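Bear in mind these aren't lab numbers, they're just calculated from the coordinates by the rules spelled out. The structure displayed is predicted, hence computed values, not measured ones. Reconstructed Cβ throughout: ideal geometry from the backbone, glycine too, with neighbour counts over all protein chains shown.
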Amino acid sequence: MSEGRTQINRRGFLQLGALASAGSLSACASTTSVGLLPAPGPSRRSRAINVIFMVSDGMSTGTLTLADMVSRQERGRSTAWTGLWQTDGARRAMCRTHSLDSLVTDSSAAGSAWGCGRHINNGAVNTDPSGAALTPLLVTAREQGKATGLVTTTRVTHATPASFIANVPERSREDEIARQILDRRVDVVLGGGAKHFKSDALLAREDLSVVRSRSELSAAPGDTALLGLFRDGHMSYEPDRGEDEPSLREMTGAALERLARAPGGFVLQVEGGRVDHAAHANDAVSLVRDQLAFDDALAGVIEFVSSRDDTLLIVTTDHGNANPGLTLYGDKGERGIELLSRGRQSFDWIQSQLGAAGSREAMMGVLPLLVYQATGVELDDADRAWLHRSFVDRERADGFRAVSGFGPVLGAVLSNALGVAFLSPNHTADLVEVTAVGPGSDRLGPVIDNVDLHRLVVETLDLAPARAGV
Ligand SMILES: [Zn+2]
């Protein structure tokens, strides 16, 4: 390296990002290039009493593109999200996602940026490095008369839903997050994670209806607080979802039906959480199916907001993940999308079936048939050799060490047929898409920081700062 060349100090870079963000906030009245745009004058100021905050967790732009291609092939139309861009008044931004201590954020720090408006360290939920609790958005909203809701396909105690309601120094403290969800009285909570809710804590909430299946959800009373826990852990990937699990669209509809009755308005977070998990797994079939399930939920929400002028809808992701993309030319690419649209099961399903086979060598014997059943792809001898090397011999299978595990190697092998390749099994630091419609959306600048979305919600709803403590 030549002498005098500027060395970029990692922490300095992160601090610069935070300062630039803070600067954009304080200077927002005089600039339109970064952060939020100035609030319109009082006469022009539209009024929102509701916010619906939708998160496709870990959605790289390539994920949205793949879902859009499959949607056009299967349904003859684009996704609801890309359609939303053409709606009158829709605004879009690219959003930075770094956390306080990392260029590549995790979900808890990214969600907390929306939840409390501050950059914190990866792994924490609305808790700063000194251990101080930072008031989460739904606590503030409830204090000021809003109904609140959380809907997700992950455990409801997982990082992204937790980031709107909880304070814990470590995201893994999900029993504690469950207690906080109950104590802080979120009105509607739907998703997985039953194992974190203790029966005595549930019994203590006599006002709460608890449902455990799709049929119980549809029969639940509409005038009580509602907790739907449809799996002990995460809900199933969309390709594996059974009859007894509601879809994300159904859960979102059930939440809106109840929250829309609140006279003071509501704040609802909706998360397509397993998009992120499918990206980690390099599982293209589940990635597209879960993104399309999120898009179906979004279509329902668009119907809800289009009939009213009091709701700000924000649709975004917390970070990229694995940066998938269709990357075969011509007929091979088109054939890949066709195959992708016919996928039936997740990598999770493949692994659950493998578990019965015994030794890894025995698992390798049944793997090709399982892969065919799940994806429609027939593995050839070379594909099987790659998988054997990684899965049985435990050898490194790529120059980039991070892509040598079962999921990335199977994902890479399948890319020969599906045409979809992944960068890694990890989150990425890319700028991410934000789309907003409704009152307040006109303040979305073209380039924002994730903490700006907290401020957009708070200022649009005119929420005063929360009382001290949580
Ligand atoms: Zn995430």
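Note on the chain: helix-only mean residue ellipticity at 222 nm, from DSSP H runs of 4+ residues weighted -39500 (n - 2.57) and normalised by residue number, equals -12500 deg cm²/dmol.
Close amide H contacts of Ala225 (hydrogens built in the peptide plane, cut-off under 5 Å, sequence separation of 5 or more or a different chain): Ser209. Each Cα pair under 8 Å and six or more residues apart adds its sequence gap; the mean of these over the residue count of segment 334-421 is a relative contact order of 31 percent. In terms of its alpha-carbon gyration tensor, segment 334-421 comes out oblate; a/c meets the 1.5 threshold, while b/c is at least as large as a/b.
Taking a Cβ cut-off of under 12 Å around Gly222, the surrounding Lys, Arg, Asp and Glu residues balance to a net charge of -1, with basic ones at +1 and acidic ones at -1. Full extension of the chain between Ala219 and Asp381 gives 53.1 nm of extra length, using 0.36 nm per residue less the Cα-Cα distance. Checking the a/c ratio against 1.5 first, then a/b against b/c, what shape does the Cα gyration tensor give for segment 284-388? Prolate, because a/c is 1.5 or more and a/b exceeds b/c.
Its relative contact order, with pairs defined as Cα atoms under 8 Å and 6+ residues apart, puts the chain at 27 percent. A simple spin-label model places pseudo-atoms 7 Å from Cα toward Cβ; at Ser306 and Asp393 they are separated by 5.6 nm. In the chain the longest region clear of chymotrypsin sites (Phe, Trp or Tyr not before Pro) that are loop-assigned by DSSP and have at most 12 other C-beta atoms within 10 Å covers 1-328.
Under a model in which nothing but the beta-carbon of Lys, Arg (+1) and Asp, Glu (-1) is charged, the chain shows a dipole of about 880 debye around its Cα centre. Along segment 133-140 the Karplus relation, 6.51 cos²θ - 1.76 cosθ + 1.60 evaluated at θ = phi - 60°, assigns HN-Hα couplings of 7, 10, 4, x, 3, 6, 5, 4 Hz to successive residues, with x for each Gly and Pro.
Between amide H atoms placed 1.01 Å from N, distances below 5 Å from Asp430 occur with Gly320, all of them 5 or more places distant or on a separate chain. Angle of helix 174-183 to the longest C-alpha principal axis of the chain, folded into 0 to 90 degrees and rounded to 10: 30°.
For segment 410-436, the residues whose backbone nitrogen is under 17 Å from a point 7 Å from the Cα of Met364, taken along Cα to Cβ, are 410-411, 413. Simple point charges give the picture: +1 on the Cβ of Lys and Arg, -1 on the Cβ of Asp and Glu, and for segment 334-421 a dipole about the Cα centre of about 220 debye. Site pair Leu208 and Arg184 shows an inter-label distance of 1.4 nm when each label is modelled 7 Å from Cα along Cα→Cβ. Checking the a/c ratio against 1.5 first, then a/b against b/c, what shape does the Cα gyration tensor give for segment 413-466? Verdict is prolate for segment 413-466.
Listed values for segment 240-246 are Karplus-derived 3J(HN,Hα) couplings in whole Hz (6.51 cos²θ - 1.76 cosθ + 1.60, θ = phi - 60°), namely 9, 5, x, 4, 7, 9, x, and x replaces Gly and Pro.
If amide H atoms are built 1.01 Å from N in the plane of the peptide, which residues on other chains or at least 5 residues away come under 5 Å of the amide H of Val156? Amide H neighbours of Val156: Gly192, Gly193. Pairwise Cα separations in the chain fall into 20 Å bins from 0 onward with the following percentages, short to long: 24, 56, 19, 1.
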